[in-house]
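Engineer: I'd like to ask some things about the structure below.
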Amino acid sequence: MLITADGNHHTGEPMNTGVAVQSVVQIGDLIPRGTRMNVFQSIYWVFIALGTLVGVVVVGYMVYNAYRYREGGSHAEDGDDERPTLGEIPTGGGKGRKLFLSFGLSAVVVISLIVWTYGTLLYVESPVAAQESDQEELEIQVVGRQFSWEFVYPNGHSSFELVVPEDTRVRLVVTSDDVFHNFGIPSLRAKTDAIPGQTTETWFIADQPGEYQAHCYELCGAGHSGMNANVVVMQQSAYDEWYANTSGGGGNTSDTSGNASENGTRTTSEALTA
Amino acid sequence: MSSIKRWFVTTNHKDVGILYLVTSLFFLIFGGLLALLIRVQLLQPGGTILADAAYNQTVSAHGLLMVFWFLSPLAFGFANYVVPLQIGAKDLAFPRLNALSYWLYLFSGLLLGISFFQGGTFSGGWTMYAPLNVPIYMPSIGATTTVLALLMFTASVTVGGVNFLTTIHRMRAPGLTLRRMPLFTWTILLTVWMMLFAFAALLAALMILSSDRIFGTVYFAATDSGGSVLWAHLFWFFGHPEVYIVFFPALGVMAEIFQTFTGRRIVGRKWFIASMVLVAIQSFMVWMHHMFLTSINLPVKTLFMATTIGISLPFDLMVFALIYTTIKGKIRFKTPFLFAFGALVLFILGGITGVFLGAVVLDYEFRGTYWVVAHFHYVMVGGVTGLVGGIYYWYPKITGKMYDEFLGKVHFALYFVGFNLVYFPMFLAWETPRRVFDYPEAFTPWHQLATVGAFVLGASFLVMFYNLYASLVTGEDAAPDPWRYVTTAEWAVPSPPPLENYPGRPSYDGGALQFLEEAGPRPSGIAAADGGAGTRTDGGVAATADGALAGGHDHEESHASIWPFGLSLAGFFLLVGLSGVNTGGTAYVALTVAGFALGAYTLVGMARESQTFHGPSGPFGESWPFAKVENMKLGMWFFLASDVVLFGAFIGSYVFIRVAFGWGAWEPVPHDPVPGLMNTYILLTSSFAVVMAMVAAQKGSRNGVVASLLVTILLGIGFLGNKGIEWLELFHEGLWLSTNVQTSTFFLTTGLHAAHVIVGLFIALYMLVRAWGGAYLDDDKPVEYFGLYWHFVDIVWLFLFPLFYIL
Ligand SMILES: [Cu+2]
Ligand SMILES: [Cu+2]
């Protein structure tokens, strides 16, 4: 029995369908999933490996040819019967076969790489649908302004430090109060534009408790270089305790007005660790 | 003519080419010094050489200078010098416009220089994202000046683009069909096509931004109506083609150099050209790959991912074509070839790292980091590498002297090592956020290496400058063809070429380049040009305008015109004035007025000179597909095509903002469509009047021409008067440019149209005066060209009226 991507069960199908379905499953297995760090790592290193290989082969071949056909070398006379002359009408030389072969090969490599990563893009864009599991999700509003980041929790609590539990999918809904910023946590591989008047989303799962840094990735004015925020990943129990102590005011109301700084207390990392 | 004065009045394509080359190298030094400042700041995390705001200004000005004021103009120096020679033209189609584009370019650069002293130059990066680019967030006058400098540069590019398009399409030697054109000329042709449309979109973006900054419209500050994203769309619609605009000429140079120094014709030439055509068209369909992290949805992302991958594939073919060209070659590692070969290596590395960015999941993480910085420097400075090869390649042709080969090779060694030392570590330290000078400690060694590399790269140019300068004096005289295995026509004439370029009429009709005598064909051949015919070698660089006419063929009596310089100077005054005119400062207001006055004076001067100044006149050899259209008319068509894109971008911006605002919730600004409707009738009638003027001119009726033009002018004035009353009423109701986003789009878009009407009226007034004196009776073409423009302006109104009054 085989299970296709859409979860249907197939039994007693003709042989060729079974093979096709099996290959679908295998392709599915090849697509990186998991946390965004996993996803990035697996794709990045495949690209690095292939990129290096292609680079070395192509540049190596260039240099080899340039040396082989250097003036004064033993092959320099090879093409002497067909050298260009001044004033001739420009035409092409050589045969196109090799050209098209290499072109076709490079096209296949590039296209299959991108198609391969497209599966992951679909997963990253909609992780819940792809995983078919109703994992718990924490949604936090992020507001960028010159030159700080503010985080607003479902209970209305607001702070300048992002505190999240480990192993939980955190969905960030990001906007800006003034100019165009870009919010990114490099070690957790979450990043999205912070656009005034619009919201964008990104998500991450932190699998290690600890402190991380968020930066601004779009030039936003004089303080851009220092527009950072602390990201604290806690164990679930510690997080629960911390969250219970935040004064949300409005309970479960999630504030989307982008002006949440007025109704929340500000937590510092000292208060957290105390 | 004194030698200094000559450079101010020259309109010769070779002179203008030299001016472009020298000026662009000056801006290379300017932008390069800023780059060194950046690298010094990055020696340690949180560097302190520059303060926050100063650092932002430095990165912004560095980017703007290198992309706009150095890269393209360097390429257009070659284009000016070489393209007419390659296609067998005596000059560009419109020599004075060519000088005009140069002077606009120079003065726009000076404008950028001035901006540093007006409270600081623009500090929002070369991408100038909104709404950081509006005065609330960036109040300095210098920032406005920078935007105006770009506006002036765009004007220069548009004028230049129209000129090159007309020249290359119309003025090729007999037998030189488009398919047979040399590759460098091909790349320039495609570059100017892209420029015509891409820069029109940029022009719209810059006009709107200038208006936001000076008149207080609220396009980009209207963040609730998508203003911020609107800028990104407009900018990147220009910005991606711009990548190819700066890279294609380098590709052309590389192709020429590869063919010459391998002694091989390029493999798959047809496909090479087809690939470039494909890229040029597709370049307008990939811009949103710069916006993958904005709120665009998955289907759009998928589409733009696909087009992006699609556009990378033709480059694979071009790269392989260049590589296979070396097979069976007889490769001579002269300096030009070293640079072209090096450029290809760098471009391959840039291309591979670009594929990473094509994978959207990776792009998410690379966005705003040094991966992007490193990647586009490999591509763009890779292009510079090819162009530097072009400097050495054509130096003997332009100066008539050989450069020093040893110093050339030293330059290449330093350059190549320095290049990779500065940019490769950026890949290793790619997690550094872009335009940030604070980075993780762990990256310090890589950034320090990059700084060392930057100084090596900079020093390599000192070697080049010394070499080029010293060789002017001490270099050996260069033969017409110093390389062997060249094919293109510029090598068939002396180095430097004489003022009139050729010893006869160039033709490819016999299957190869020949120079024909004026009367009847007499194949003088290449050999003659090589040796015996080199009588006027003093032409290009050092010659004065008298080195002509020996060949007996007719030659324009004068190539000198001061008006392009004067007009650009007027534009410079005007824009310096405008930058601070809303502060009310006396100096700024005075400069604005003076600029206007000088501009009007020079325009009239230039127009009057048109009666004696003639550009190259036909018939030309190959003009497909425009054999039936004269140069002037074709130039008008190209200009109007760019104007279509300009208005298209304005209307597109309006629609974009209105959709973001809520289409139905948006009320037209004028409550009453009747004045607009009246104006529609007025304009349509005026178009009819222009047609009457044409008919009268053809019939030879002076009174008919005068009367029809008069009616046109009166109707135009009526249009403006009617509009003025309407605007005044709106103003009294408290609705003005800066009231809200509705009024901003209404006043600015219809205002742009009104400005077109005003320009048309001035032209009509000038023509009326001339018609009074009996002009146009035996040559009605000026009336026809004016008609083209006037009808176009009317048609635009037919779109604006329903959009802004009815819907
Ligand atoms: Cu920022
Ligand atoms: Cu792009």
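Engineer: Mind listing just one residue for me: the one in segment B:272-315 that is at pLDDT below 95 and more than 16 Å from ligand 2 (Cβ to nearest atom) and, of those, nearest to B:Arg179 (Cα to Cα)?
Structural biologist: The qualifying residue nearest to B:Arg179 (Cα to Cα) is B:Thr302.
Engineer: Another one. Can you say whether B:Ile311 is away from ligand 1 (no atom under 16 Å from the Cβ) and under 23 Å from the mean Cα position of the chain (by Cα), as far as the supplied structure shows?
Structural biologist: yes
Engineer: Among the residues of segment B:366-376 satisfying the criterion of being in contact with a Gly (Cβ under 8 Å, 6 or more places away or on another chain) and in a helix (DSSP H, G or I), which is surrounded by the most Cβ atoms within 10 Å (Cβ to Cβ)?
Structural biologist: B:His375
Engineer: Looking at this structure, is B:Ser561 at pLDDT 95 or above, in contact with a helix residue (DSSP H, G or I) (Cβ under 7 Å, 6 or more places away or on another chain), of a type in the set (S, T, N, Q) and within 21 Å of B:Trp103 (Cα to Cα)?
Structural biologist: no
Engineer: How many residues does segment B:467-485 contain that are aromatic (Phe, Trp, Tyr) and within 14 Å of chain A (Cβ to nearest Cβ)? Walk me through it before giving the result.
Structural biologist: Residues of segment B:467-485 aromatic (Phe, Trp, Tyr): B:469, B:483, B:485.
Then keep just the ones that are within 14 Å of chain A (Cβ to nearest Cβ); that gives B:483, B:485.
Total satisfying the criteria: 2.
Engineer: Then there is this: Using the structure shown, decide if B:Leu230 is more than 19 Å from B:Tyr129 (Cβ to Cβ) and within 14 Å of chain A (Cβ to nearest Cβ).
Structural biologist: Here the answer is no, as B:Leu230 does not meet what is asked.
Engineer: Of the residues B:Thr294, B:Thr260, only one is within 16 Å of ligand 1 (Cβ to nearest atom) and either within 12 Å of another protein chain (Cβ to nearest Cβ) or among the aliphatic types (A, V, I, L, M) (or both); which?
Structural biologist: Working: B:Thr260 fails: within 16 Å of ligand 1 (Cβ to nearest atom).
Going through B:Thr294, B:Thr260 in turn, just one is within 16 Å of ligand 1 (Cβ to nearest atom) and either within 12 Å of another protein chain (Cβ to nearest Cβ) or among the aliphatic types (A, V, I, L, M) (or both): B:Thr294.
Engineer: Please work out if A:Thr202 is more than 16 Å from ligand 2 (Cβ to nearest atom) and either under 19 Å from the mean Cα position of the chain (by Cα) or of a type in the set (A, V, I, L, M, F, W, C) (or both). Spell out how you get there, then give the answer.
Structural biologist: Numbers: more than 16 Å from ligand 2 (Cβ to nearest atom): yes; either under 19 Å from the mean Cα position of the chain (by Cα) or of a type in the set (A, V, I, L, M, F, W, C) (or both): yes.
Yes.
Engineer: Looking only at segment A:185-195, filter to residues that are within 13 Å of ligand 1 (Cβ to nearest atom) and touching a Gly at 6+ places or on another chain (Cβ under 7 Å); which one of those is nearest to the other protein chains (Cβ to nearest Cβ)?
Structural biologist: Only one residue fits best here, namely A:Lys191.
Engineer: Would a scan of segment A:68-91 turn up a residue that is buried (at least 18 other Cβ atoms within 10 Å of the Cβ) and touching a Pro at 6+ places or on another chain (Cβ under 8 Å)?
Structural biologist: yes
Engineer: With small (Gly, Ala, Ser) and within 16 Å of ligand 1 (Cβ to nearest atom) as the only criterion, which of B:Ala201, B:Ala205, B:Ala232 stands out?
Structural biologist: B:Ala232
Engineer: OK, next. Taking B:Thr326 as the residue in question, decide whether it is more than 9 Å from every other protein chain (Cβ to nearest Cβ) and touching a helix residue (DSSP H, G or I) at 6+ places or on another chain (Cβ under 6 Å).
Structural biologist: The answer is no for B:Thr326.
Engineer: B:Leu346 fails exactly one of the following numbered conditions: (1) outside any loop (DSSP other than H, G, I, E, B); (2) in contact with a helix residue (DSSP H, G or I) (Cβ under 7 Å, 6 or more places away or on another chain); (3) within 11 Å of another protein chain (Cβ to nearest Cβ); (4) modelled with pLDDT under 95. What is the number of that condition?
Structural biologist: Looking at each condition in turn, B:Leu346 falls short on (4).
Engineer: Where in segment B:1-73 are the helices (runs of 4 or more DSSP H), entirely inside, with at least 3 residues that are more than 23 Å from B:Gly566 (Cβ to Cβ) and not aromatic (Phe, Trp, Tyr)?
Structural biologist: The helices (runs of 4 or more DSSP H) meeting that bar are B:13-41, B:52-64.
Engineer: Next question. Tell me yes or no: at least one residue of segment B:248-265 is surrounded by fewer than 24 Cβ atoms within 10 Å (Cβ to Cβ) and under 30 Å from B:Ala489 (Cα atoms).
Structural biologist: yes
Engineer: Give the residue that is nearest to ligand 2 (Cβ to nearest atom), with candidates limited to residues of segment A:138-173 that are under 14 Å from A:Ile205 (Cβ atoms) and basic (Lys, Arg).
Structural biologist: Going through the qualifying residues, I end up with A:Arg171.
Engineer: In this structure, is B:Gly453 under 30 Å from the mean Cα position of the chain (by Cα) and in a helix (DSSP H, G or I)?
Structural biologist: No.
Engineer: Then there's this: Search segment B:608-632 for residues that are in the same structural domain as B:Phe786 (by TED's automatic domain parsing) and pair each with any residue that is in a loop (DSSP other than H, G, I, E, B) when their beta-carbon atoms are under 6 Å apart and the residues are at least 6 apart or on different chains.
Structural biologist: Pairs that qualify, where the first residue is in the same structural domain as B:Phe786 (by TED's automatic domain parsing) and the partner is in a loop (DSSP other than H, G, I, E, B): there are none.
Engineer: Go through (1) within 13 Å of chain A (Cβ to nearest Cβ); (2) in contact with a Pro (Cβ under 8 Å, 6 or more places away or on another chain); (3) not acidic (Asp, Glu) for B:Ile188 and report which single condition fails.
Structural biologist: Exception for B:Ile188: condition (1).
For (1) among the aromatic types (Phe, Trp, Tyr); (2) in the same structural domain as B:Pro802 (by TED's automatic domain parsing); (3) in a helix (DSSP H, G or I), each residue gets a yes or a no:
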| site | (1), (2), (3) |
| --- | --- |
| B:Leu640 | no, no, yes |
| B:Phe647 | yes, no, yes |
| B:Ile682 | no, yes, yes |
| B:Ser686 | no, yes, yes |
| B:Ala693 | no, yes, yes |
| B:Ala696 | no, yes, yes |
| B:Val706 | no, yes, yes |
| B:Ile717 | no, yes, yes |
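The values are calculated or read from the model by the stated rules, or taken from the named source; none is laboratory data. Keep in mind the model is a prediction, meaning the values are calculated, not measured. For neighbour counting, all protein chains shown are included, and Cβ atoms are generated from backbone atoms with ideal geometry for every residue, glycine included.
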